[in-house]
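The values are calculated or read from the model by the stated rules, or taken from the named source; none is laboratory data. None of the values given here were measured: they were computed from a predicted structure. Using ideal geometry, Cβ is built from the backbone for each residue, glycine included, and neighbour counts are taken over all protein chains shown. Ligands, DNA and RNA are stripped out before the accessible areas are found, and what is left, the full protein with its side chains, is counted by its heavy atoms. Shrake-Rupley method; radii C 1.70, N 1.55, O 1.52, S 1.80 Å.
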Amino acid sequence: MYGIIDCDNCYVSCERVFRPDLKDKPIVVLSNNDGCVVARSNEAKKMGIKAGTPYYQLKELFPNNKVVIFSSNYELYGELTARVVGIIRKEAPAYFRYSIDECFVYFESDTNIDLKKWGEELHKKIRKYVGIPVSIGIAPNKTLAKVASHFAKRHQGYRHCCVIDNEEKRKKALKLFPIDDVWGIGRRYTARLQAMGVNTAYDFAVHHRDWVRTAFRNIVIERTWRELNGEDCVPNEEIVSKKSICTSRSFNGMVSDFDTLQTHVSNYAARCAEKLRKQRTVASVVSVFIQTNAFREDLEQYNNFLDQRLLTPTNSTSVIAKTATEILRKIYRQGFQYKKAGVIVMGISPNSPIQQDLFDFNAEQFEKMKQLDAVVDRINKLNGSETIVLGSQQYTQKDGKGKANVFANAIKHDFRSPNPTTRWSEIIKLK
């Protein structure tokens, strides 16, 4: 049996941990640079606030409602959800983290654990120890577990844990489950299925396997069909391992000069390197893309993408940032107003053993960079992210006297909450 533990309204719930006064208040969390709504409390959803609503439209669309607004604070969300995973690790026989707010667990078929009781107790423990509410779905495979968590989240009668453990429950759940909410069915396939009269998961599951193969010729869709019919066929490693890591953001305004663009790209490269080290992997390809604002028809448009293979796979911040800068120099064109850039690392493999290049590998230098990254990661973990960064990661701007001032972050986050669990300077003060 599989279970999935899903943090309810994750970003909003994290913000409420240190703000209990916001219980039952409508809350939204904005995207990078305070662009648009990416997370909503249940109260905000009931008001009609939709995901993707631009921040500047909130007051226009909801003039008579007081909505609490937060900028995205991924440092806080990552730290609190890591605590949730820490509890799951102790309570489950086996687990694997799927995303920032979801974690799968696995139970052997001959387990003597009362899974419904286990799920209800786990919810209570996480709520007590971390302060974040979770919903738990348990079923014979991951897709059905996702279906079960949907009901656990939306119906209080399940007491935060729904178990699908027999044919009767499976069929009943699928008949009530919209096809567009099925895990593995994308927006494009949803439209095709609905055009064929398939509106629920059950409508899809009762079709013959040959029909699924002929209509879609897609292994993922067929696998989803098999899972809805009770098979367990989504490999764990396919969920856990990432074939690529991308870090990208739209800028706060437009960027035209190379130096500012390079700083953004260096920061994105550093994030990719940190993620590689966190999952104990290395990358063999670094890619960079830049693009102008497609919505500004009054401006000249330019987009470009280029990748470069590394002779020796690495997760070193300095190597990946240096490579990303070299790529940026090749694709940068002066005279354009850039709106977005990103770094993608690919060719990901375990960090041991590493396939070394005879003409590139320097064992002594490799060990030094490895130790340097480990020290920087530790300092940033103890004192807050970006306590120590590369020189190329620091943004500069001119003051009134023409001198360059260095500042750490050029991302707009006017409504960012403090990080009391990761930064000593923002620790809670009791008066």
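Residues that are farther than 19 Å from Asp6 by Cα, surrounded by 14 or more Cβ atoms within 10 Å (Cβ to Cβ), touching a residue at least 24 places away in the same chain (Cβ under 8 Å) and in contact with a Ser or Thr (Cβ under 7 Å, 6 or more places away or on another chain) do occur in region 170-181, at least one of them.
The C-beta contact set for region 272-298 (first residue open to solvent by 10 Å² or more (accessible area, probe 1.4 Å), second residue at pLDDT 90 or above and aliphatic (A, V, I, L, M), distance under 7 angstrom, 6+ apart or interchain) comprises Val285/Val345; Phe289/Ala341. Across region 299-358, the qualifying residues are those that are within 25 Å of the chain's Cα centre (by Cα) and among the aromatic types (Phe, Trp, Tyr), and the one among them that is least open to solvent (accessible area, probe 1.4 Å) is Tyr338. Within region 29-42, the set of residues being open to solvent by less than 50 Å² (accessible area, probe 1.4 Å) and farther than 20 Å from His264 by Cβ comprises Val29, Val37, Ala39, Ser41.
Does Ile219 satisfy the condition of being within 26 Å of the chain's Cα centre (by Cα) and either closer than 18 Å to Ile5 by Cα or modelled with pLDDT under 90 (or both)? For Ile219, the condition - within 26 Å of the chain's Cα centre (by Cα) and either closer than 18 Å to Ile5 by Cα or modelled with pLDDT under 90 (or both) - is met. For region 127-154, residues that are in a helix (DSSP H, G or I) and either open to solvent by 20 Å² or more (accessible area, probe 1.4 Å) or not β-branched (Val, Ile, Thr) (or both) total 14. Taken as a whole, the condition of being among the polar types (S, T, N, Q), part of a helix (DSSP H, G or I) and open to solvent by less than 30 Å² (accessible area, probe 1.4 Å) does not apply to Ser72.
Results for (1) touching a residue at least 40 places away in the same chain (Cβ under 8 Å); (2) under 19 Å from Asp6 (Cβ atoms); (3) of a type outside the set (Ser, Thr, Tyr), shown as yes or no for each residue.
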| residue | (1), (2), (3) |
| --- | --- |
| Asn42 | no, yes, yes |
| Gln57 | no, no, yes |
| Phe96 | yes, yes, yes |
| Cys103 | yes, yes, yes |
| Lys124 | no, yes, yes |
| Tyr129 | yes, yes, no |
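Cβ-Cβ distances below 6 Å connect no pair with a first residue in region 243-257 that is more than 15 Å from Val286 (Cβ to Cβ) and of a type in the set (D, E, K, R), a second residue that is outside any strand (DSSP E or B) and open to solvent by less than 30 Å² (accessible area, probe 1.4 Å), and a separation of six or more residues or different chains. The set of residues in region 3-40 being touching a Leu at 6+ places or on another chain (Cβ under 8 Å) and of a type outside the set (A, V, I, L, M) consists of Gly3, Cys14, Glu15, Arg16, Cys36. Please indicate, with yes or no, whether at least one residue in region 105-115 is of a type in the set (A, V, I, L, M, F, W, C), open to solvent by less than 20 Å² (accessible area, probe 1.4 Å) and under 23 Å from the mean Cα position of the chain (by Cα). Yes - at least one qualifying residue is present in region 105-115.
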